[in-house]
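A.B. asks: Pasting a structure here, questions to come.
The values are calculated or read from the model by the stated rules, or taken from the named source; none is laboratory data. Predicted, not measured: the structure shown is a model, and the values here were computed from it. With ideal geometry, Cβ positions are generated from the backbone for all residues, glycine too; neighbour counts draw on all protein chains shown.
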Amino acid sequence: MKKKSIPTINIEPENELATDSFSSWLIATGDAYKNGGSADVPCGECNACCRSSYFIHITPNEKETLQHIPKELLFSAPGLPKGNVLMGFDQEGRCPMLSNNRCSIYQYRPLTCRSYDCRVFSATGLVEEERDLISQQASRWKFKFQSEEDRVLYFYVRAAADFIIENQSMFPDGFVPGNPTQQAMLAIQVHDFFRGYEKHKTDKHLLVEKILTAVTHR
Ligand code: SF4
């Protein structure tokens, strides 16, 4: 699979969305991922992710959430232990809990929704090819690069995403996720291994080993 860049969309400056410095965003995103926390995304009025044909995974531990979603909207999540369920979407790709363009169960929304952050696409250069709304929104985010550390970390994350996509045949089957959100999260998880990375000089096999060891031991 080829690495895909965020498509070039002509964005008027007034439509750009300013967000955190890259390094502070990366730290917060990494922490939220490790600890299963929420992403603090300044979504404003945007609900593109609620209208983008996503299946929402809900674990059996999310009891309050499950109490607020009609059972007939849920079905067993394939390949996951009993009790894990998915919520689908309507013919227009909208989540059934979206009402008047707002989440009708916002206080009880699933962890999948709380942790979703479309800035991962701006950060990694990956793109949700099948989801125009998400691609457009992701293109609007403009990270602040206030320090050398911001720029260096951005390079590592981009290098990690490139490497994972270009060399996915070097990883065991199924290790590199098929979906761009999870691919982006994997790149963010392992970006630190790309310190000193040089595309044509770094030992790819060694890098693959390091990534496999780190991810499978987490
Ligand atoms: S549960 Fe709420 S936040 Fe999650 S996709 Fe549906 S409408 Fe959006």
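A.B. asks: Only residues in the stretch 74-86 that are touching a residue at least 12 places away in the same chain (Cβ under 8 Å) and part of a loop (DSSP other than H, G, I, E, B) count as the first member; pair them with residues that are of a type in the set (S, T, N, Q) and surrounded by 12 or more Cβ atoms within 10 Å (Cβ to Cβ), Cβ under 7 angstrom, at least 6 apart or cross-chain, and list the lot.
C.D. replies: Between residues of the stretch 74-86 that are touching a residue at least 12 places away in the same chain (Cβ under 8 Å) and part of a loop (DSSP other than H, G, I, E, B) and residues that are of a type in the set (S, T, N, Q) and surrounded by 12 or more Cβ atoms within 10 Å (Cβ to Cβ), the close pairs are ALA77/ASN84; ASN84/THR59.
A.B. asks: Also, I was wondering about something else. Determine if the stretch 176-183 includes at least one residue that is within 16 Å of the ligand (Cβ to nearest atom) and part of a loop (DSSP other than H, G, I, E, B).
C.D. replies: Yes, there is a match, as at least one residue in the stretch 176-183 is within 16 Å of the ligand (Cβ to nearest atom) and part of a loop (DSSP other than H, G, I, E, B).
A.B. asks: Keeping to the stretch 87-122, report how many residues are charged (D, E, K, R) and in a helix (DSSP H, G or I).
C.D. replies: 2
A.B. asks: Quick one: is GLY44 within 11 Å of the ligand (Cβ to nearest atom), closer than 23 Å to SER135 by Cβ and surrounded by fewer than 17 Cβ atoms within 10 Å (Cβ to Cβ)?
C.D. replies: It is false that GLY44 is within 11 Å of the ligand (Cβ to nearest atom), closer than 23 Å to SER135 by Cβ and surrounded by fewer than 17 Cβ atoms within 10 Å (Cβ to Cβ).
A.B. asks: How about the stretch 54-70: which of its residues are more than 13 Å from the ligand (Cβ to nearest atom) and either touching a Gly at 6+ places or on another chain (Cβ under 7 Å) or of a type in the set (A, V, I, L, M) (or both)?
C.D. replies: PRO60
A.B. asks: Restricted to the stretch 112-136, and to residues that are within 16 Å of the ligand (Cβ to nearest atom) and touching a strand residue (DSSP E or B) at 6+ places or on another chain (Cβ under 8 Å), which residue is farthest from PRO42 (Cα to Cα)?
C.D. replies: THR112
A.B. asks: Have a look at LEU126, LEU153 and point out the one that is buried (at least 21 other Cβ atoms within 10 Å of the Cβ), aliphatic (A, V, I, L, M), outside any helix (DSSP H, G or I) and in the same structural domain as ARG195 (by TED's automatic domain parsing).
C.D. replies: On inspection, the qualifying residue turns out to be LEU126.
A.B. asks: Considering only residues that are within 15 Å of the chain's Cα centre (by Cα) and closer than 29 Å to LYS204 by Cα, which ones fall in the stretch 136-163?
C.D. replies: VAL157, ARG158, ALA160, ALA161
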